[in-house]
Amino acid sequence: MSCTRFAPAASLRGSLRPPSDKSISHRAALIAAMGEGETHIGLYLDAADTHSTLAAVEGLGARVERLKGSPAGGLLIQGVGLRGARAATIDVGNAGTLLRLLPGWLAGQDGGSWTLDGDESIRRRPVDRIAVPLRQMGADLSAREDRLPPLGIQGAELHGIEYELPVASAQVKSCLLFAGLLAEGETRVVEPLPSRDHTERMLAAAGASIERDGKTVVVRPAERLEPGSFVVPADISSAAFFVVAAVLVAGSDVILRQVGVNPTRTGLLTILERMGVKIEREEEMEGGSGAIADLRIRSAPLQATEVGGAEIPLAIDELPLVALAACFAEGTTVIRDAEELRRKESDRIETVTAALRALGGVVHPTADGMVIEGTGGLVGGTIESQGDHRIAMLGAVAGVASREGVEVVGMDAAAVSYPGFERDLCSLQVG
């Protein structure tokens with residue numbers, strides 16, 4: 001386990017392109033594997049989780065070719081078609097997105113048999129939120145204690161249902177949309193609040209019959225998908241660490257290139273702007289999975305805010321950074337309606353609370369969020385990542401913004417989503 005110390009930075013300046021979007025990379029590989037013919041994927045994320053997805057689709061029979069001489073992340077995937085996945089045991093590694101999306105595709109392939117398993121962290125992550133609606137569609141699933149991996153899937157004939165999501169979740173929604181492609185009749189997924197819509201956009205681009213009717217996403221059965229190509233934008237969840245670092249470190253001026261700014265993913269930007277940050281969008285254009293833009297961020301004093309309701313699914317992965325920023329704000333910030341944080345790679349309500357308290361923050365956990373009393377900054381100290389990549393990177397950002405620096409125990413966890421994070425953070429530091 002690695003221990004890395006992050007010293008206070010005088011300022012952060014410069015520009016970089018954060019890694020490609022992990023969520024879109026997962027979906028691009030899966031939809032390409034479901035497709036007919038070859039799909040070209042540009043700028044696919046090079047990280048442990050997305051490697052697990054490539055290994056998974058290869059295990060299911062798709063051919064994956066890494067293109068030489070093309071920009072980093074260039075892939076060609078020869079799909080097996082919607083109903084052509086071969087039986088296999090799939091190791092999802094630490095990829096929770098893969099664990100929750102893949103069963104939707106496999107469950108409707110009558111006669112097939114698959115087992116999905118993963119690392120120690122994955123084995124603690126419940127699958128009942130996808131198992132319950134899939135079983136209503138006719139899926140044949142088995143799990144440890146009926147809710148934990150390994151997850152067994154026996155392919156079966158599915159029928160469309162209307163399912164109201166108890167909690168807004170792009171992963172559960174995507175799983176059911178994949179299943180709906182192979183089900184008889186319409187599948188209707190009703191969201192309590194809007195969640196990221198990459199899957200809908202990418203399936204539509206591949207030829208699926210899919211539409212939104214108010215809060216409901218409707219998908220109809222398909223004979224084939226023909227994705228053709230996808231280009232993966234920079235991940236706003238990865239960019240978020242530099243956004244917050246630039247806000248917190250005095251004198252900073254940072255430009256982040258080609259970031260996906262789909263409105264269903266930009267909750268953090270909205271929250272920070274409400275706290276007093278000015279974020280400039282430059283070179284904005286529309287891509288296949290949503291809008292893309294360069295983001296310019298400068299340091300700014302922060303005011304406390306309240307975060308909850310419809311904002312939560314739009315910023316769920318970035319809420320730990322909201323809590324960090326709140327430590328530097330004037331006033332008391334409240335995060336509520338975020339019980340989903342307890343079901344991530346770690347219980348992020350507890351791990352974020354412990355980490356920020358260890359650095360001098362005043363944070364109180366609640367059942368569905370946190371209350372953070374702004375103190376104008378953090379002293380520094382030592383935190384443990386608990387094997388959670390986002391906690392590791394949060395510690396690094398806290399370090400450059402703190403008064404005395406932060407040592408992160410388990411910094412190697414960052415490689416799950418961002419292997420070059422330390423290098424990129426260092427490249428922006430001045431002093």
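The values are calculated or read from the model by the stated rules, or taken from the named source; none is laboratory data. All values derive from a computational prediction rather than experimental measurement. All Cβ positions, glycine included, derive from the backbone under ideal geometry; neighbour counts span all protein chains shown.
Annotations for the structure displayed:
- Of all residue pairs spaced 6 or more apart or on separate chains, those with beta-carbon atoms under 8 Å, a first member in the range 284-311 that is in a loop (DSSP other than H, G, I, E, B) and a second member that is buried (at least 18 other Cβ atoms within 10 Å of the Cβ) and among the polar types (S, T, N, Q) are S289/N262; S299/S252; A304/T333; T305/T333.
- Selection of the range 380-406 for residues being of a type outside the set (A, V, I, L, M, F, W, C), in contact with a helix residue (DSSP H, G or I) (Cβ under 8 Å, 6 or more places away or on another chain) and more than 11 Å from A355 (Cβ to Cβ) yields G380, G387, H389, G405.
- Some residue of the range 254-272 being of a type in the set (G, A, S), out of contact with any Lys or Arg (no Cβ under 6 Å at 6 or more places or on another chain) and under 30 Å from A398 (Cα atoms): yes
- The set of residues from the range 309-336 being more than 20 Å from A392 (Cβ to Cβ) and at pLDDT below 95 comprises G309, A310, E311, I312, P313, L314.
- As for the range 248-260, it holds at least one residue that is of a type outside the set (G, A, S), buried (at least 23 other Cβ atoms within 10 Å of the Cβ) and in a helix (DSSP H, G or I).
- Residues considered: L141, L203, L176. Of these, the only one that is outside the structural domain of R423 (by TED's automatic domain parsing), modelled with pLDDT of 95 or more, under 19 Å from I41 (Cβ atoms) and touching a strand residue (DSSP E or B) at 6+ places or on another chain (Cβ under 8 Å) is L203.
- Within the range 88-121, the residues that satisfy the criterion of being over 23 Å from the mean Cα position of the chain (by Cα), surrounded by fewer than 17 Cβ atoms within 10 Å (Cβ to Cβ) and part of a loop (DSSP other than H, G, I, E, B) are D110, G111.
- Criterion violated by A208 - all others in (1) of a type outside the set (D, E); (2) surrounded by fewer than 21 Cβ atoms within 10 Å (Cβ to Cβ); (3) over 23 Å from G309 (Cα atoms) satisfied: (2)
- Counting residues in the range 147-169 that are touching a strand residue (DSSP E or B) at 6+ places or on another chain (Cβ under 9 Å), part of a helix (DSSP H, G or I), aliphatic (A, V, I, L, M) and surrounded by 15 or more Cβ atoms within 10 Å (Cβ to Cβ) gives zero.
- So S195, is it within 18 Å of V92 (Cβ to Cβ) and among the hydroxyl-bearing types (S, T, Y): no
- On the stretch given as the range 410-430, residues that are within 23 Å of the chain's Cα centre (by Cα) and either free of Cβ contacts under 8 Å to residues at least 24 places away in the same chain or outside any helix (DSSP H, G or I) (or both) total 6.
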